[in-house]
Amino acid sequence: MGFEEAMERFDPVLGLEVHVELSTATKMFCGCPTEFGAEPNTQVCPTCLGLPGALPVLNAAAVESAIRIGLALNCDIASWCRFARKNYFYPDMPKNYQVSQYDEPIATGGWLDVEVPAPEGSDAAPEVVRVEIERAHMEEDTGKSLHVGGGTGRIHGAEYSLLDYNRAGVPLIEIVTKPVEGTGSRAPEVARAYVATLRDLLRALGVSDVRMEQGSLRCDVNLSLRESPQAPLGTRTETKNVNSLRSVERAVRYEIGRQAAVLAAGGRVHQETRHWHEDTGLTTPGRSKETAEDYRYFPEPDLVPVAPDPAWVEELRGTLPEPPAQHRRRLQAQWGFSDLEMRDVLNAGAVPLIEATVAAGASPAAARKWWSGPVARRAKEDGVDLADLGITPAQVAELQRLVDTGRINDKLARQVLDGVLAGEGDPEQVVAARGLEVVSDDGALGAAVDRAISANPDVADKIRAGKVAAAGALIGAVMKEMRGQADAGRVRELVLERLGQSG
Ligand code: ZN
Ligand code: MN
């Protein structure tokens with residue numbers, strides 16, 4: 001069913017579960033390193049492989065991050081809490097249980113204010129939606145399965161599966177919202193804005209590198225529909241592991257249409273997990289959802305309870321960054337952006353990128369020009385989030401420096417950008433490898449100017465006779481010969497000088 005029609009008939013209710021991998025040096029319960037991208041099964045030990053007799057020891061840095069996240073989300077921090085075993089079998093989890101928290105999470109009952117940008121084409125101020133946080137708890141990540149053969153990368157149809165336990169035991173914080181009601185047809189944008197705001201907050205806290213495409217921030221999107229805002233909550237589905245901001249919005253939009261069609265035809269929505277398909281923009285059924293009882297939770301007997309000293313919690317409160325909305329207002333004033341400019345960069349998810357580009361030496365105006373201009377266009381074409389496009393703020397700052405120092409012009413800068421995005425290295429390297437530098441050396445330019453004059457004798461005569469406007473044709477000929485790499489201002493001077501029109 002179309003989105004508009006679905007919205008006329010039903011009221012959506014969202015719920016978002018975000019798993020964030022902490023950027024601690026070591027895992028949650030052992031001393032193994034956590035770096036992304038290592039050779040499979042090289043960052044493992046008896047504890048994270050679940051070998052009999054191996055005992056866990058809690059990572060204090062992970063608890064510190066958990067508390068800081070809880071505080072930043074305005075939660076109450078438990079003065080005493082425990083870990084629990086969540087029992088289920090899956091090959092990526094060799095212990096056959098995940099150490100998580102169940103009825104005693106470290107943080108409960110908070111909120112996050114989310115600025116939802118005004119719709120495209122409206123210059124209204126962003127709408128602030130308060131998303132209530134149910135809980136944030138600590139747990140460990142699972143390993144990774146790689147299903148080989150069958151084409152889809154999923155287990156169905158695969159010939160065999162490989163397992164990498166490097167990720168098993170990496171510290172995770174799971175952040176769960178309360179049902180988000182009353183967003184109406186803006187539900188997809190609210191979901192996206194929540195994840196974006198949370199990502200900015202976690203980045204500012206310095207607790208995670210929050211890279212959705214690498215899986216260090218993963219979002220499960222719960223959605224249900226009901227006939228009216230007064231009706232009881234409908235049956236929800238949980239779309240797992242949606243891995244970009246854009247996909248969060250699309251997944252909500254798709255599920256609204258799909259569930260509306262099921263309900264309108266008199267059917268029932270099944271409580272189940274669903275897979276998100278990036279390529280088609282569809283969700284398909286996963287497993288029917290377990291209930292908490294299925295997991296046979298019980299307190300983890302190998303770990304002592306966590307009882308953070310209240311003085312320590314207060315000390316950590318003192319380390320919190322500015323809340324995201326306040327931070328953005330301060331940046332806008334510092335950068336001198338208009339409300340409209342700020343809304344556009346906010347919409348594009350470019351605020352932290354511009355911030356980092358400015359820190360790397362670019363002016364705010366130049367940083368904005370790149371991130372909301374050519375870079376944003378490429379991200380849109382490729383269907384990825386700006387931050388995942390593969391150009392860093394430092395590279396954008398370097399690109400601008402090359403323009404400012406006159407070594408490349410705007411036109412060449414686009415080609416340098418293409419090179420960086422194609423993985424050819426930093427802007428300097430692309431300029432060198434592709435030979436893109438602007439030529440302002442009089443020897444090379446003078447020779448090209450002389451060739452242009454002898455090839456166009458009638459134009460040259462006009463200029464000699466005082467028709468200076470005709471110089472454009474000769475400048476164009478030189479630029480063409482030098483593939484746009486000539487310093488156009490200097491070429492003009494040389495043409496006029498040669499034809500007796502200078503000074
Ligand atoms: Zn280990
Ligand atoms: Mn979890």
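Taking the condition touching a Gly at 6+ places or on another chain (Cβ under 9 Å), surrounded by fewer than 20 Cβ atoms within 10 Å (Cβ to Cβ) and assigned by TED's automatic domain parsing to the domain that holds Glu17, does Thr291 pass? Spelling it out, it is not the case that Thr291 is touching a Gly at 6+ places or on another chain (Cβ under 9 Å), surrounded by fewer than 20 Cβ atoms within 10 Å (Cβ to Cβ) and assigned by TED's automatic domain parsing to the domain that holds Glu17. Take the conditions (1) buried (at least 17 other Cβ atoms within 10 Å of the Cβ); (2) in a loop (DSSP other than H, G, I, E, B); Gly466 misses just one of them, which is (1). Within region 297-342, being open to solvent by less than 60 Å² (accessible area, probe 1.4 Å) and assigned to a helix (DSSP H, G or I) holds for Val313, Leu316, Pro324, Ala325, His327, Arg328, Leu331, Gln332, Trp335, Glu341, Met342. Go through region 148-171 and give me each residue that's of a type in the set (A, V, I, L, M, F, W, C) and touching a Leu at 6+ places or on another chain (Cβ under 7 Å). Of everything in region 148-171, those that are of a type in the set (A, V, I, L, M, F, W, C) and touching a Leu at 6+ places or on another chain (Cβ under 7 Å) turn out to be Val148, Leu162. Taking (1) open to solvent by 10 Å² or more (accessible area, probe 1.4 Å); (2) of a type in the set (Gly, Ala, Ser); (3) modelled with pLDDT of 90 or more in turn, Ala168 satisfies each apart from (1). Entry remark, region 13-55: residues being of a type in the set (Phe, Trp, Tyr) and more than 16 Å from ligand 2 (Cβ to nearest atom) number 1 in total. Count of region 121-136 residues, restricted to those that are open to solvent by less than 10 Å² (accessible area, probe 1.4 Å) and either touching a Pro at 6+ places or on another chain (Cβ under 8 Å) or farther than 30 Å from Thr34 by Cα (or both), is 2.
In the condition set (1) under 30 Å from Trp371 (Cα atoms); (2) surrounded by fewer than 19 Cβ atoms within 10 Å (Cβ to Cβ), Ala486 is compliant with all but (2). Among the residues that make up region 366-386, is at least one of them more than 19 Å from the chain's Cα centre (by Cα), under 21 Å from Gly419 (Cβ atoms) and buried (at least 21 other Cβ atoms within 10 Å of the Cβ)? So far as region 366-386 goes, no, none of its residues is more than 19 Å from the chain's Cα centre (by Cα), under 21 Å from Gly419 (Cβ atoms) and buried (at least 21 other Cβ atoms within 10 Å of the Cβ). Of all the listed residues (Asp279, Asp294), the sole one being of a type in the set (D, E, K, R) and in a loop (DSSP other than H, G, I, E, B) is Asp279. A single entry from Ser65, Ser145, Ser161 fulfils the requirement of being surrounded by 14 or more Cβ atoms within 10 Å (Cβ to Cβ), modelled with pLDDT under 95 and assigned by TED's automatic domain parsing to the domain that holds Arg218: Ser145. Residue pairs whose Cβ atoms lie under 9 Å apart, sitting 6 or more positions apart in sequence or on different chains, and linking a residue in region 88-116 that is more than 16 Å from ligand 1 (Cβ to nearest atom) and at pLDDT 95 or above to a partner that is of a type in the set (S, T, N, Q) and open to solvent by less than 30 Å² (accessible area, probe 1.4 Å), are Leu112/Thr177; Leu112/Thr197. Entry remark, region 203-216: residues being assigned to a helix (DSSP H, G or I) and over 18 Å from Val248 (Cα atoms) number 3 in total.
Of the numbered criteria (1) more than 16 Å from ligand 2 (Cβ to nearest atom); (2) out of contact with any strand residue (DSSP E or B) (no Cβ under 8 Å at 6 or more places or on another chain); (3) part of a loop (DSSP other than H, G, I, E, B), the one Met93 fails is (1).
The residues of region 456-503 that are of a type in the set (Gly, Ala, Ser) and without any contact (Cβ under 8 Å) to a residue 12 or more places away in the chain, listed by number, are Ala465, Ala469, Ala470, Gly472, Gly476, Gly489, Ser502, Gly503.
Among the criteria (1) β-branched (Val, Ile, Thr); (2) without any contact (Cβ under 8 Å) to a residue 40 or more places away in the chain; (3) closer than 30 Å to Leu58 by Cα, the one Thr152 does not fulfil is (3). Annotation for region 425-440: at least one member residue is at pLDDT 90 or above and part of a loop (DSSP other than H, G, I, E, B).
Evaluate region 162-179: report whether one residue or more is under 29 Å from Pro229 (Cβ atoms) and away from ligand 2 (no atom under 16 Å from the Cβ). Yes: region 162-179 contains one or more residues that are under 29 Å from Pro229 (Cβ atoms) and away from ligand 2 (no atom under 16 Å from the Cβ).
When you scan region 417-431, do you find a residue that is free of Cβ contacts under 8 Å to residues at least 24 places away in the same chain and farther than 26 Å from Asp209 by Cβ, even just one? Checked region 417-431: at least one residue is free of Cβ contacts under 8 Å to residues at least 24 places away in the same chain and farther than 26 Å from Asp209 by Cβ.
The values are calculated or read from the model by the stated rules, or taken from the named source; none is laboratory data. The structure presented is a predicted model; accordingly, all values stated were derived computationally and were not measured. We place every Cβ from the backbone using ideal geometry, glycine too, and count neighbours over all the protein chains shown. We work out accessible area using only protein heavy atoms, side chains counted, and drop any ligands, DNA or RNA first. Shrake-Rupley method; radii C 1.70, N 1.55, O 1.52, S 1.80 Å.
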